[in-house]
1. If a residue must be under 14 Å from the mean Cα position of the chain (by Cα) and modelled with pLDDT under 90, how many such residues does the stretch B:137-194 contain?
2. Filter the stretch B:24-36 down to the residues that are touching a residue at least 12 places away in the same chain (Cβ under 8 Å) and within 8 Å of chain A (Cβ to nearest Cβ), then identify the one that is least open to solvent (accessible area, probe 1.4 Å).
3. Select from the stretch B:262-297 the residues that are free of Cβ contacts under 8 Å to residues at least 60 places away in the same chain and within 14 Å of another protein chain (Cβ to nearest Cβ) and write down the one among them that is least open to solvent (accessible area, probe 1.4 Å).
4. In the stretch B:113-166, which residue that is within 14 Å of chain A (Cβ to nearest Cβ), open to solvent by less than 10 Å² (accessible area, probe 1.4 Å) and β-branched (Val, Ile, Thr) is nearest to residue A:96 (Cα to Cα)?
5. Could you list, in sequence order, the residues of the stretch A:98-112 that are assigned to a loop (DSSP other than H, G, I, E, B), open to solvent by 10 Å² or more (accessible area, probe 1.4 Å) and facing another protein chain (nearest Cβ under 7 Å)?
6. Regarding residue A:126, is this residue within 26 Å of residue A:59 (Cα to Cα), buried (at least 24 other Cβ atoms within 10 Å of the Cβ) and not charged (D, E, K, R)?
7. Checking residue B:170 against (1) crowded, with 17+ Cβ neighbours inside 10 Å; (2) of a type outside the set (D, E, K, R); (3) under 29 Å from residue B:74 (Cα atoms); (4) touching a residue at least 60 places away in the same chain (Cβ under 8 Å), only one condition comes out false. Which one?
8. Condition (residue is open to solvent by 50 Å² or more (accessible area, probe 1.4 Å) and either within 14 Å of another protein chain (Cβ to nearest Cβ) or more than 22 Å from the chain's Cα centre (by Cα) (or both)) applied to the stretch A:49-66: is it met by at least one residue?
Amino acid sequence: MRERNQPEDGGGSSVRRIRTNQHECHTETVPAIIETSGLVMEFPSTRALDALDLSVPPGVTGLVGANGAGKTTLISLALGLLKPTSGSITVLGLDPSVNGPELRARIGYGPERNVLPDDMRAYDFVRHFAQIKGLPRDEARSRASDSLYLVGLGEERFRALGTMSTGQRQRVKLAQAIAADPAFIVLDEPTDGLDPVQRDEMLAIIVDVNRKFGIDVMLSSHVLEEVERICDHVVALDAGRLVAHGSMAELAGASGGVEVELVDLADRPQSVDAVETALLQGGFEVRRVDFTIGVSGRDDAELFDAVTAAVATAGARIRRLGSRRRTLDDVFTADIASSARGRQS
Amino acid sequence: MNVSDPTATTHGAAQIVDRGFQRYDGKRAGVVQAVWSVAWQSIRATLGLGRPARHKIFPVLAVAIAYVPAIVFVGVAALFNDILDPSEVADYPGYYAFITAAILLFAGLVAPEVLVGDRRNGMLALYLSTPLHRGTYLVAKGLAVVLTLALVTLGPPLLVLIGYTFENAGPDGIGNWMVVLLRIFISAFAVSGALTAISMAASSITDRRAFASIGVVLLALASPAVASALVDGAELTPNWRLIDVFSMPFELVYRVFGEPGNFPELSTLNVGLVNLAWVVGGLAVVAWRYSRLVVSR
């Protein structure tokens, strides 16, 4: 069993701490799961990926981006379904377009689309794909059951897929992806169509798959909150370009400045505007939504001083004041905006 | 659940361990197993095995149509062997004339079922995310179609051979028996191969299963009519008969058994070549279509 791992360099490899027993630890350099260099993928009408340089370390990686950002294309290239127009991509150290069969035997894939045949039993479906990926028949049978138990469908494994709920079908896709014991799985929108409880359960299983069994995961999602919750690393794409890339600790979770919520005072209706103006004049980055003002750009102590001073000067009244944690949503929004400005210029 | 350490005999030393999902570091088979696995799963799906009863109706019907004459002939041989030469009732190549409907229906059903569905529902991308690539995937699907068609092209003549043999009406001597067996196998796979290539080509062109099935049936029904109109009506050279895509595989069966067949004016070489051309042409269409297919997740 290996520990949660974090990248310690930005190159094509990562340093992973391996716990061999209760007392001993050693480190080893492990190759990146996915590495791209100048990766370009063009279709007749569009450039889906534009000179993508990327190194995805082991762990759980979130692949985020709006529709058309290039997530699907990157996944398809990693699986060898497409060949790049130029540049290179390696997955687990292998080139998908050269070592496709060998590589794909070590990768699990949970597609977004509802591809499950309605008439087939969950167990048969999972066993079938385990056999395709090279497991001997008996092993495929037992691992199909084990995988379905792991995702919480042990008692339902002999049900026809067409009779299963959306949540159960998503779990079957995950079971199919892990049954042949891959080194790496790619899950495309695995929580799509799930209610909040089902979503939490699915995310917990995905984390377990990585933490307990050491299977690296790439999770494509447009729900930033769930990526932030379970992923160690993030790759954010926009219009085929890499807009953010790094560990979750680097990208989100750091201080996002100070946020103050002011009271709507009937006798001083301009006070909120006055606070905002004062902060802007002070050279801070200010975001305002109704009576809530977010301030960033300096260290927190300086921000607190500036906010309280501005409030006092304007005669405003504070309902709530506190530090704000930077979320993936903030990162994504800022980076997408920056990327868009870059494209326009 | 496994009992750990089965050699433990000390009272209280045994323990029950929940094995559950674990890492696997044993042997892995290669692409050959993947091809057979996909082929077998496709055969099962086509025949309705492991599926609700409604999916079994058509395959069972087609198989029944194909085997009923064989059962009747063997029955006739058993009952009237002393007054009737069974080979005069139906010889091996002539048997196919009794089951052309079943073969045609099967050809129209199997390839569309095996190929079209995967493209429409996204299973193709899932298959191509495994050790299979487009070529090995198509080999698996082709195997599935050939073997399923062999159920109606190989099984019934084999049944006739075995039935006749038991009724002492089969080929004389083990040598002749083996020759007939070989001819049955060659004939069955020649018919299956030609129809597989044609039906897979039709199934690769459209994403609608019904259109593919209708296309195969129409081609099979229209080409004999066109050939007949050209040769008998317009009095063109008899070689125009070769465009009859449905009759030529069965004509080849006669030639395999050394008989002149229904079109003795055609040379055996031409009949063989035109069947080969249909196989190569059909598979080329399939390969071309799938090489141009953009498959992403």
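1. 0
2. Here is the first cut: in the stretch B:24-36, the residues touching a residue at least 12 places away in the same chain (Cβ under 8 Å) are B:30-31, B:34-36.
Narrowing the set further to residues that are within 8 Å of chain A (Cβ to nearest Cβ) leaves B:30-31, B:34.
On the way: B:30: 46, B:31: 47, B:34: 0 Å².
Selected residue: B:34.
3. Per the criteria, the residue is B:294.
4. Checked the stretch B:113-166; the qualifying residue nearest to residue A:96 (Cα to Cα) is B:130.
5. Going residue by residue through the stretch A:98-112, those that are assigned to a loop (DSSP other than H, G, I, E, B) are A:98-99, A:105-106, A:111-112.
Okay, now just the ones that are also open to solvent by 10 Å² or more (accessible area, probe 1.4 Å), so A:98-99, A:105-106, A:112.
The answer is A:105, A:112.
6. Details: within 26 Å of residue A:59 (Cα to Cα): yes; buried (at least 24 other Cβ atoms within 10 Å of the Cβ): yes; not charged (D, E, K, R): yes.
So residue A:126 fits the description; yes.
7. (4)
8. First pass over the stretch A:49-66, keeping only residues open to solvent by 50 Å² or more (accessible area, probe 1.4 Å): A:51, A:53, A:66.
Restricting the remaining residues to those that are either within 14 Å of another protein chain (Cβ to nearest Cβ) or more than 22 Å from the chain's Cα centre (by Cα) (or both) gives none.
The answer is no, given that none of the residues of the stretch A:49-66 is open to solvent by 50 Å² or more (accessible area, probe 1.4 Å) and either within 14 Å of another protein chain (Cβ to nearest Cβ) or more than 22 Å from the chain's Cα centre (by Cα) (or both).
The values are calculated or read from the model by the stated rules, or taken from the named source; none is laboratory data. Keep in mind that what you see is a predicted model, and the values were worked out from it rather than measured. No Cβ is skipped: glycine too gets one built from the backbone with ideal geometry, and neighbour counts run over all protein chains shown. Areas reflect the complete protein model, heavy atoms only, side chains present, ligands, DNA and RNA absent. Shrake-Rupley method; radii C 1.70, N 1.55, O 1.52, S 1.80 Å.
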